[in-house]
Ligand SMILES: NC(=O)c1ccc[n+]([C@@H]2O[C@H](COP(=O)([O-])OP(=O)(O)OC[C@H]3O[C@@H](n4cnc5c(N)ncnc54)[C@H](O)[C@@H]3O)[C@@H](O)[C@H]2O)c1
Ligand SMILES: [Zn+2]
């Protein structure tokens, strides 16, 4: 099936547009990549899971294979990437290519943004989460002992190549994680997308069906980012479920995966909205039902107080205030600033 490709307007300093291509077969991905990188030096970076499970299957080799996992998202790994780039004698015209989930995408995007003051990066997202979320929007960065994503840059990709074949080697729990972000997109702006996800959850989770819904989810994210690249207002809507979610991830020592934590966070935002008379019980129940149908969690072992205390240390804390994103109905949210 031919998929709708998207052209994304980026508002970073270069104000360049970039395309997100939705491809079916790995061979199509290779063709599109070759066309884009023609005549320029490339630097392929991936992690060991993606290398062993996905790239091996297609006889594809990367120049640098990093250990997998969130704990690798640190400054030392950025240095490893930069060192390798110098060893390979890359120059200002070279292209960094990130093949992996959000961890690889964020690390490689950041490294590309500072190598020789910035070179092009192509994002090839291989997890559902990175396809619908981290590969578009241009946020890059890494973690340090003070918290997640505290160091980084805005560096939009020059091209995003999203391919169904990449999803085939992804563990099922990682599909579940990505679904949380898709549900989030639907709640923020698009009731029809919510209905499609409800249908998908009834049709035993076919990869092709979920892949067909990606352009809508990516379009929602891109549309919001285009209005507010540097997250001054509108882009904050994408944080639905994330203020509570990040606190839950932190409390669990990252044992609760991001998608699961966001799902619980969306439920908590819904409960908060009900308390404030902003959301109907019926819409809340529909949100809850979809989250459950997608095998995501709705509760965790941490108390409301524990979660709230952790939020007080959140990086988005601003003069003792925090902005919560609250659903008012399926397809609409409001920003509410709360005193801590
Ligand atoms: N930049 C942004 O705007 C943005 C947005 C959302 C999330 N993020 C970041 O993204 C990260 C989470 O992304 P993620 O969930 O993709 O994590 P991840 O990169 O750790 O990938 C999840 C797991 O799946 C494996 N994997 C990925 N693709 C695979 C494939 N095709 N086959 C087999 N295994 C595969 C990885 O090795 C890893 O073990 C976090 O660090 C988060 O901060 C960034
Ligand atoms: Zn997220």
Review point. Using helices alone, what [θ] at 222 nm do you get for the chain, with -39,500 (n - 2.57) per DSSP H run of 4 or more residues, divided over all residues and rounded to the nearest 500?
Key: -13000 deg cm²/dmol
Point to revise | Taking only Cα atoms of the stretch 59-139, radius of gyration then Dmax in Å | key: 11.9, 33
Exercise for review: Between the alpha-carbon centers of the stretch 284-316 and the stretch 253-269, tell me the distance in whole angstrom.
Suggested key: 5 Å
**Study point:** Angle between the chain longest axis and helix 102-114 axis [Cα atoms, degrees, rounded to 10]
**Key:** 60 degrees
**Study point:** Rg/Rh (Cα only; Kirkwood hydrodynamic radius) as it applies to the stretch 199-330
**Key:** 0.97
Study note, to complete from the structure: Placing each pseudo-label 7 Å from Cα in the direction of the beta carbon, residue 16 and residue 40 end up separated by a distance in nanometres of 0.5 nm
Practice item. Report, to two decimal places, the Cα Rg of the stretch 9-161 normalised by 2.2 N^0.38 Å (N = number of residues). Key: 0.95
Revision key, fill the gap. Rounded to whole Å, √(5λ) for the Cα gyration tensor eigenvalues of the chain, largest first, gives 32, 23, 18
Check your understanding: To the nearest 10 degrees, how steep is helix 242-251 against the longest Cα principal axis of the chain, on a 0 to 90 scale?
Key -> 80 degrees
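Quote the FRET efficiency, to the nearest 0.05, computed for residue 192 versus residue 231 with a Förster distance R0 of 22 Å and r equal to the Cβ-Cβ distance.
About 0.25, to the nearest 0.05.
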**Study point:** Separation in nanometres of the label points that stand 7 Å from Cα toward Cβ, at residue 207 and residue 340
**Key:** 4.2 nm
**Study point:** the chain, relative contact order [Cα under 8 Å, separation at least 6], %
**Key:** 15 percent
Revision key, fill the gap. The stretch 145-185 and the stretch 114-128 have their Cα centres apart by a whole-number Å value of 13 Å
Point to revise | Cβ-Cβ FRET estimate between residue 321 and residue 145, R0 fixed at 30 Å, reported to 0.05 | key: 0.75
Study note, to complete from the structure: Between the Cα axis of helix 281-293 and the main Cα principal axis of the chain, the angle (0 to 90°, nearest 10) is 40 degrees
Exercise for review: Please work out the Kirkwood hydrodynamic radius for the stretch 42-104, using every pair of different C-alpha atoms, and report it in angstroms with one decimal place.
Suggested key: 12.1 Å
Review point. Got the relative contact order for the stretch 221-340 handy, in percent, Cα pairs under 8 Å and 6 or more residues apart?
Key: 26 percent
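Since every read-out is calculated from the coordinates, none of them should be taken as a lab result. From a predicted model like this one, the values you see are computed outputs, not experimental measurements. Cβ sites come from the backbone with ideal geometry, for glycine too, and all protein chains shown count toward neighbours.
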